[in-house]
1. Which of the residues belonging to segment 26-66 are open to solvent by less than 30 Å² (accessible area, probe 1.4 Å) and within 18 Å of residue 109 (Cα to Cα)?
2. Please determine whether any residue of segment 89-105 is small (Gly, Ala, Ser) and at pLDDT 90 or above.
3. Given the condition under 17 Å from the mean Cα position of the chain (by Cα) and of a type outside the set (A, V, I, L, M, F, W, C), answer yes or no: does some residue in segment 38-58 qualify?
4. May I ask you to say which residue of 89, 127, 151, 131 is over 16 Å from the mean Cα position of the chain (by Cα), open to solvent by 30 Å² or more (accessible area, probe 1.4 Å) and aliphatic (A, V, I, L, M)?
5. Between a residue in segment 158-171 that is charged (D, E, K, R) and any residue that is surrounded by 11 or more Cβ atoms within 10 Å (Cβ to Cβ) and part of a helix (DSSP H, G or I), which pairs come within a Cβ distance under 8 Å, given they are 6 or more apart or on different chains?
6. Are there any pairs, at least 6 apart or on different chains, whose C-beta atoms fall under 6 Å, with the first in segment 66-87 and touching a residue at least 40 places away in the same chain (Cβ under 8 Å) and more than 22 Å from residue 188 (Cα to Cα) and the second open to solvent by 50 Å² or more (accessible area, probe 1.4 Å) and part of a helix (DSSP H, G or I), and if so, which?
7. Give the number of residues within segment 154-190 that are of a type in the set (Gly, Ala, Ser) and either modelled with pLDDT of 95 or more or more than 16 Å from the chain's Cα centre (by Cα) (or both).
8. State which residue pairs qualify: first residue closer than 30 Å to residue 84 by Cβ and inside segment 109-136, second residue open to solvent by 90 Å² or more (accessible area, probe 1.4 Å) and of a type in the set (S, T, N, Q) in any location, beta carbons under 9 Å apart, and separation of 6 or more residues or different chains.
Amino acid sequence: MGGAQVRPLRADAARNRARLLDVATEVFTTRGVGVPTEEIARAAGVGVGTLFRHFPTKEALLEAVLVRRLETIAEQTARLAAEAEPAEAFFGCFRLVIDQSAGKSEFTQALAAAGVDTQAALQESSAVIRAQLAELLAGAQQAGAVRPDLALPELLALLVGTGATMDQLGSDLPARERIFEVVFDGLRPR
């Protein structure tokens with residue numbers, strides 16, 4: 001079965017796949033993973049057959065959405081690191097990771113329930129982001145913007161915890177902003 005997708009996608013097929021991922025990301029994030037795939041195909045303006053050609057199962061679609069989100073985080077983090085001062089890059093990346101991880105636990109739970117090994121599927125993208133976070137943390141610490149006693153495992157735990165907190169708050173933007181202020185205050189040196 002290896003080599004089924006050796007040739008690159010035709011331009012229209014690549015556009016359809018990207019459109020399906022855009023729509024699925026939006027729908028799953030705002031309405032949950034229970035939305036039927038037929039509805040996603042309709043919202044993307046393609047037939048359900050087109051959706052299933054790209055993503056044979058709903059789990060394949062969920063996994064692709066998760067991988068794409070991580071790739072987006074990695075790309076945007078690289079841009080921040082290249083264009084911003086160390087403190088701005090670090091805090092911008094923290095905010096980016098939280099904003100992009102909205103609803104992620106629901107995705108991973110749905111995939112785990114279907115027997116999909118999300119660790120394996122997301123390993124490569126996660127490793128890239130961890131390396132980027134380590135670099136941003138070191139840069140922000142050297143610039144004196146982040147407390148020197150914070151290590152990467154603690155930063156990752158703070159990201160997970162803050163993400164869960166934001167999921168609890170939902171769309172209450174002023175409350176979300178206060179959480180960022182509190183966490184960022186705690187990250188800065190005394």
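1. Once the filter is applied, which keeps residues that are open to solvent by less than 30 Å² (accessible area, probe 1.4 Å) and within 18 Å of residue 109 (Cα to Cα), segment 26-66 yields 27, 28, 32, 33, 35, 37, 61, 62, 64, 65, 66.
2. Checked against the condition, which is being small (Gly, Ala, Ser) and at pLDDT 90 or above, segment 89-105 yields at least one hit.
3. Looking for residues that are under 17 Å from the mean Cα position of the chain (by Cα) and of a type outside the set (A, V, I, L, M, F, W, C), one finds none in segment 38-58, hence no.
4. After ruling out the rest, the residue left standing is 151.
5. These pairs meet every condition: 167/105.
6. Final answer for the pair search is 69/100; 73/100; 74/128.
7. 4
8. Cβ pairs passing all conditions: 126/119.
The values are calculated or read from the model by the stated rules, or taken from the named source; none is laboratory data. These numbers come from a predicted model, not from an experiment. Because the Cβ atoms are built from the backbone with ideal geometry, glycine has one as well, and the counts that use them run over all protein chains shown. Just the protein is used for accessible areas: all its heavy atoms, side chains included, with ligands, DNA and RNA removed. Shrake-Rupley method; radii C 1.70, N 1.55, O 1.52, S 1.80 Å.
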